[in-house]
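A short write-up of the structure that comes next.
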Amino acid sequence: MSEYIEHDSDGISVGVVKKKFFTFAEPPHEMTLESGKKLGPVTIAYETYGELDADRKNAILILHALSGDSHAAGYYREDDPKPGWWDIMVGPGKGIDTNKYFVVCSNILGSCMGSTGPCSINPETEYPYGLDFPFVTIGDMVQAQKALMDHLGIKKILSVTGGSIGGMQVLEWCVRYPEMVASAIPLATTTKHSALAIAFNEVARQAIMADPNWNNGDYYSGPKPDLGLAVARMIGHITYLSDESMRRKFGRRLQDRSDFSFNFNADFQVESYLRYQGTKFVERFDANAFLYITKAADYYDLARQHNSGSTVKAFSKAGAKFLVVSFTSDWLYPTYQSKDMVQAMKKNGLDVSFCEIEAEWGHDAFLLPSERLTALMRGFLERVYNEI
Amino acid sequence: MKSENGIIRFDLQIIASWIEPGSKVLDLGCGGGDLLYFLKTHKQVECTGIERAEAKVAQCIEKGLSVLQGDINEEVLDYPDHTFDYVIVSQTLQQVYEPDKLIQSLLRIGKRGIVSFPNFSHWGIRLQLLRTGYAPITRQLPYEWYDTPNIRVITIKDFRKFSRDVGFKILKEVAINTNSHDRHGNIVTFLPNLRATYGIFLIGKDQSS
């Protein structure tokens with residue numbers, strides 16, 4: 001996902017929020033990962049907005065994508081220049097109304113944004129894990145989020161929502177803990193990566209690993225593989241946009257010049273944009289975390305995950321009411337992938353709504369202001385809240 | 001389409017009156033969801049809709065209905081047998097390319113089908129064609145021949161013949177006289193094929209065949 005962090009145009013916000021941490025799986029009670037490896041202690045960064053009802057039935061869990069974090073809404077300080085990544089959707093009176101719902105946004109296991117990941121300190125060596133960090137899967141991420149929900153005393157989640165890799169976690173939640181999930185809103189996502197999606201991730205990973213500073217993941221005491229990570233981010237950004245959005249946003253326009261430079265500077269606006277996005281990204285993200293999370297996304301296959309052989313069989317375990325949303329210009333997770341999951345849900349007699357939103361902004365559309373998406377989410381949440 | 005006091009179109013009122021409270025209903029081509037919303041709020045029906053247009057799908061979901069965006073001919077194929085008590089095709093059959101296939105799917109996934117369509121043999125249409133020689137344009141079928149979504153012309157008599165040809169049973173039949181957006185109308189019992197603007201049929205599987 002890209003960063004489109006803008007202030008709410010109406011100035012509405014949940015206000016100042018705080019990142020919180022939950023630590024569990026202290027040795028000898030480590031978390032057993034899907035790979036069979038053990039990991040502990042595990043810390044998960046999270047934020048909450050709104051109030052939990054007395055009957056604890058108004059909880060909404062937001063799950064973020066590759067480069068996101070627990071900071072979905074609000075500001076860390078009064079003078080914070082930017083709000084959380086989904087501030088347009090989460091807040092008082094917004095699509096996910098914090099006056100009405102208790103919203104939890106959990107950072108993912110393997111991330112570098114406050115939760116345990118490859119850049120965390122390995123208690124055995126007292127040095128960052130690096131490549132000693134065990135492989136984590138989407139299932140492991142969800143297992144950690146479950147521990148967080150238990151810790152918060154939430155037994156039934158009104159709705160689990162998220163886009164992209166966050167959407168994969170949504171689907172995993174529905175199949176892994178069906179008794180806990182009343183409804184789910186997977187956005188711009190898939191039950192398994194296509195070869196195209198894996199291919200882009202692999203090129204991005206290769207860019208990091210080709211950077212000499214990467215040093216087999218052991219770079220925490222020296223220079224970081226910034227160039228590799230920046231290129232990885234540039235590749236990602238291409239997949240988040242679309243032919244049409246790039247044509248509109250950049251075309252062949254030149255950046256700060258009227259003619260070609262006849263050297264390898266960033267002549268075109270699109271080049272300059274990608275370089276800027278790449279540079280900005282390395283300031284806040286860890287290269288190893290990027291490797292681990294993209295691999296987890298590539299490994300994800302809902303059907304395989306649940307030894308069911310087919311998506312239809314996998315969804316037979318689910319019981320949530322679904323709202324599935326795709327976007328017309330999303331070529332990373334095209335509509336046919338959403339329709340596949342909708343079909344599997346229908347075949348299981350699940351209550352499912354589906355809408356393909358006409359949008360030119362590619363995969364990123366789920367993060368951009370959209371009255372349509374806001375209205376859909378508001379209407380759906382209201383209904384499931386009344387029906388619970 | 002829907003008035004402020006929640007009264008739905010006359011043809012939809014008739015359809016709604018045929019549906020048992022608490023049943024499971026699929027509305028193919030549900031539009032903005034007026035009928036489903038009425039059924040949900042007045043008859044506690046568990047409803048699903050299928051609609052092609054994004055804006056209408058969104059309208060439905062916003063008012064708390066469970067609706068899928070898609071092509072009705074394809075979407076019906078995914079449901080297991082006997083998923084619904086009623087499957088409704090309201091004023092949509094005349095736009096379907098393979099009506100026989102759709103009716104068969106409908107009776108596979110639902111116990112009963114409810115089908116309604118504008119009656120093309122209404123005397124006004126007959127007279128218009130006879131008098132002017134142009135393809136008829138009426139309040140029920142307000143299109144030119146070149147921009148109409150209605151690719152089939154169906155009469156009440158045709159539908160009865162269709163039931164014999166395809167092999168399904170007409171369980172109930174009502175002909176009405178109303179305009180397309182009216183909340184009021186009347187039931188036509190005398191010469192319906194000539195005098196009714198719409199035909200509404202409750203159909204089921206032909207057990208004998």
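Bear in mind these aren't lab numbers, they're just calculated from the coordinates by the rules spelled out. As the structure is a computational prediction, the values presented were derived from the model and not from experiment. Cβ sites come from the backbone with ideal geometry, for glycine too, and all protein chains shown count toward neighbours.
With viscosity set to 1.002 mPa s and temperature to 20 °C, compute the Stokes-Einstein D of the stretch A:79-238, Rh being the Kirkwood radius across alpha carbon pairs; µm²/s, no decimals.
Once the numbers are plugged in, D ends up at 119 µm²/s.
Quick one: which residues, 5 or more positions from B:Val188 or on another chain, have an amide H under 5 Å from its amide H? H modelled 1.01 Å from N in the peptide plane, none for Pro or chain starts.
B:Ala175, B:Ile176, B:Asn177
Give a residue-ordered list of calculated ³J(HN,Hα) values for the stretch B:36-44 (Karplus: 6.51 cos²θ - 1.76 cosθ + 1.60, θ = phi - 60°; whole Hz; x for Gly, Pro).
Rounded to whole hertz, the list is 4, 5, 4, 5, 5, 7, 9, 10, 6.
Expressed as a rounded percentage, what relative contact order does chain A have, with Cα pairs under 8 Å and six or more residues apart?
Over chain A, the number comes to 18 percent.
So who's got an amide H within less than 5 Å of the one on A:Trp86, skipping anything under 5 residues away but keeping other chains? H placed 1.01 Å off N, in plane.
It is A:Ala73, by chain and number.
Loop by DSSP (not H, G, I, E, B), at most 13 other beta-carbon atoms within 10 Å: where is the longest site-free stretch of chain B for GluC sites (Glu not before Pro)?
Longest stretch, sites excluded: B:5-143.
Using the charge dipole of chain A (Lys, Arg: +1 at Cβ; Asp, Glu: -1 at Cβ; taken about the Cα centre), state which of A:Leu274, A:Ala297, A:Ser221 has its Cα farthest towards the positive end.
Looking along the dipole axis, the top candidate is A:Ala297.
Step through the residues of the stretch B:92-107 one at a time and calculate ³J(HN,Hα) from phi using the Karplus curve (6.51 cos²θ - 1.76 cosθ + 1.60, θ = phi - 60°), rounding each to whole Hz and writing x for Gly and Pro.
Per residue, the Karplus-derived 3J(HN,Hα) values read 10, 4, 5, 10, 9, 6, 10, x, 5, 5, 5, 4, 5, 4, 4, 7 Hz.
Averaging over every viewing direction, what projected area does the convex hull of the Cα atoms of the stretch B:10-205 cover, in nm²?
10.7
If you filter the stretch B:168-209 for chymotrypsin sites (Phe, Trp or Tyr not before Pro), then keep DSSP loop positions with at most 16 other Cβ within 10 Å, what is left?
B:Phe190
Based on the alpha-carbon gyration tensor of chain A and its eigenvalue square roots a ≥ b ≥ c, which shape applies: rounded if a/c is under 1.5, prolate if not and a/b is larger than b/c, or oblate?
Judged from the Cα gyration tensor, chain A comes out rounded (a/c under 1.5).
Please sort by residue number the chymotrypsin sites (Phe, Trp or Tyr not before Pro) in the stretch B:85-149 whose DSSP state is loop and whose Cβ has at most 14 other Cβ atoms within 10 Å.
B:Tyr97, B:Tyr134, B:Tyr143, B:Trp145, B:Tyr146
What are the principal axis extents of the Cα atoms in the stretch A:262-374, in Å, biggest first?
For the stretch A:262-374, the Cα extents along the three principal axes come out at 60, 35, 25 Å.
Could you give the dipole magnitude of the stretch B:10-205 about its Cα centre, charging the beta-carbon of Lys and Arg +1 and that of Asp and Glu -1, in debye to the nearest 20?
Around 860 debye, computed over the stretch B:10-205.
Using only DSSP helix segments of four residues or longer, with each worth -39500 (n - 2.57), what per-residue ellipticity at 222 nm results for the protein assembly as shown after dividing by its residue count and rounding to 500?
Computed ellipticity for the protein assembly as shown at 222 nm equals -10000 deg cm²/dmol.
Test of understanding: in a Gaussian network model of chain A with alpha carbons linked when under 10 Å, which of A:Asp79, A:Asp267, A:Asp218 would top the mean-square fluctuation ranking?
Among A:Asp79, A:Asp267, A:Asp218, the largest GNM mean-square fluctuation belongs to A:Asp79.
Picking from A:Ser329, A:Ser308, A:Ser120, which is most flexible by a Gaussian network model of chain A using Cα springs under 10 Å?
Greatest mean-square fluctuation among the candidates belongs to A:Ser308.
Pull up the DSSP beta bridges for chain A and report the antiparallel fraction as a percent, rounded to 5.
Just about 35 percent of them are antiparallel.
Among rounded, prolate and oblate, which fits the stretch A:12-57 when a ≥ b ≥ c are the square roots of the eigenvalues of its C-alpha gyration tensor, a/c under 1.5 means rounded, and a/b larger than b/c means prolate?
In terms of gyration-tensor shape, prolate.
Kindly provide the chymotrypsin sites (Phe, Trp or Tyr not before Pro) of the stretch A:20-92 that DSSP labels as loop, not H, G, I, E or B, and whose Cβ sees at most 14 other Cβ atoms within 10 Å.
Sites meeting the loop and neighbour criteria: none at all.
For chain A, modelled as a GNM with alpha-carbon contacts under 10 angstrom, which of A:Gly117, A:Gly162, A:Gly222 fluctuates the most?
A:Gly222
To the nearest 20 debye, what is the magnitude of the charge dipole of the protein assembly as shown about its Cα centre, counting +1 on the Cβ of each Lys and Arg and -1 on the Cβ of each Asp and Glu?
Dipole magnitude for the protein assembly as shown comes out near 2340 debye.
Let a ≥ b ≥ c be the square roots of the eigenvalues of the Cα gyration tensor of the stretch B:1-122; is it rounded (a/c under 1.5), or, if not, prolate (a/b larger than b/c) or oblate?
Rounded, because the longest to shortest axis ratio a/c is under 1.5.
Could you give me the ³J(HN,Hα) list for the stretch A:213-227, computed from phi with Karplus coefficients 6.51, -1.76, 1.60 and θ = phi - 60°, whole Hz, x at Gly and Pro?
5, 4, 6, 6, x, 9, 10, 6, 10, x, x, 8, x, 5, 5
Could you tell me the relative contact order of the stretch B:1-131? Use alpha-carbon pairs under 8 Å, at least six residues apart, and round to a whole percent.
21
Can you list residues from other chains, or at least 5 along the same chain, whose modelled amide H is less than 5 Å from the amide H of A:Leu254?
Correct list: A:Gln269.
Of B:Lys101/B:Lys157; A:Lys347/B:Lys56; A:Lys82/A:Lys317; A:Lys38/A:Lys155, which sit over 30 Å apart, Cα to Cα?
Flagged as over cut-off: A:Lys82/A:Lys317.
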